[in-house]
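Below is one structure; the comments refer to it alone.
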Amino acid sequence: MIAVSMTVNGKAVSREIDERTLLVHFLRENLHLTGTHVGCDTSQCGACTVHLNGEAVKSCTTLALSADGAKVLTIEGLARGDALHPMQQAFGEHHGLQCGYCTPGMIMTALDMVRRLGNELDEQTIRHELEGSICRCTGYHNIVKAIAAGALAMDALPSPVTALSEG
Ligand code: FES
Ligand code: FES
């Protein structure tokens, strides 16, 4: 066992873990943050995507130890009280989900897209960027619409991704 400490959704956490513990299991089992999902376990589906020091990573293939001292943002860290993040809101408004299993990863991926590419995202760009994110039930049409709308809605906020990542 080894001690690991990090800031998750703005809160400092420390735990003793097996050094082989994956970040997704650390989040789900040690911190009970079950919004981050496991789909494939092999870095292909994107259901486990979280932000590590502001950048999207697949937490199923990231060791928790490698996040020692880092800032982690999960889907649970986006809303402010009852107010959903604009990207979460857009997924609801544009019917960008059905079962919801892929949704947390899609949203964390979408926020990383906005951080890197800005608020005006065209359909082709979004579809290309979603290459590593798989949805088994909604189809991608409404997810793409939701991401485009959410990205535009974020434009009205003061540096939202950065602010959230710094939590
Ligand atoms: Fe991590 Fe599928 S569970 S990419
Ligand atoms: Fe069901 Fe995407 S909404 S897997």
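No value in this document is a laboratory result; all are computed from the given coordinates. Worth saying up front: this structure is predicted, and the values here are computed from it rather than measured. All Cβ positions, even for glycine, are placed from backbone atoms using ideal geometry, and neighbour counts span all protein chains on display.
With the contact rule set at Cα under 8 Å and sequence spacing of 6 or more, what percent relative contact order holds for the range 17-167?
28 percent
Mind checking the angle between helix 141-154 and the chain's longest principal axis? C-alpha axes, 0 to 90 degrees, to the nearest 10.
Helix 141-154 and the main axis of the chain meet at about 80 degrees.
For ARG127 and ASP155, calculate 0.36 nm times their separation in residues minus their Cα-Cα distance, and state this gained length in nm to one decimal.
That works out to 8.0 nm of additional length.
Taking every Cα atom in the range 32-149, find the radius of gyration and the maximum pairwise distance Dmax, and write them in Å.
13.4, 38
Calculated from DSSP H runs of 4 or more alone, at -39500 (n - 2.57) each and per residue, what is the 222 nm mean residue ellipticity of the chain, nearest 500?
-9000 deg cm²/dmol
Cross-link candidates for LYS58: which lysines have Cα within less than 22 Å, leaving aside residues fewer than 8 places away along the same chain?
Of all the lysines, those that pass the test against LYS58 - Cα under 22 Å, at least 8 places apart if same chain - are LYS11, LYS71.
Near SER43, within a Cβ-to-Cβ distance under 13 Å, what is the net charge of the other residues, with Lys and Arg +1 and Asp and Glu -1?
-1
Hey, if you put +1 on the Cβ of every Lys and Arg and -1 on every Asp and Glu Cβ in the range 11-90, which of LEU63, LEU22, PRO86 ends up farthest toward the positive end of that dipole?
Result: PRO86.
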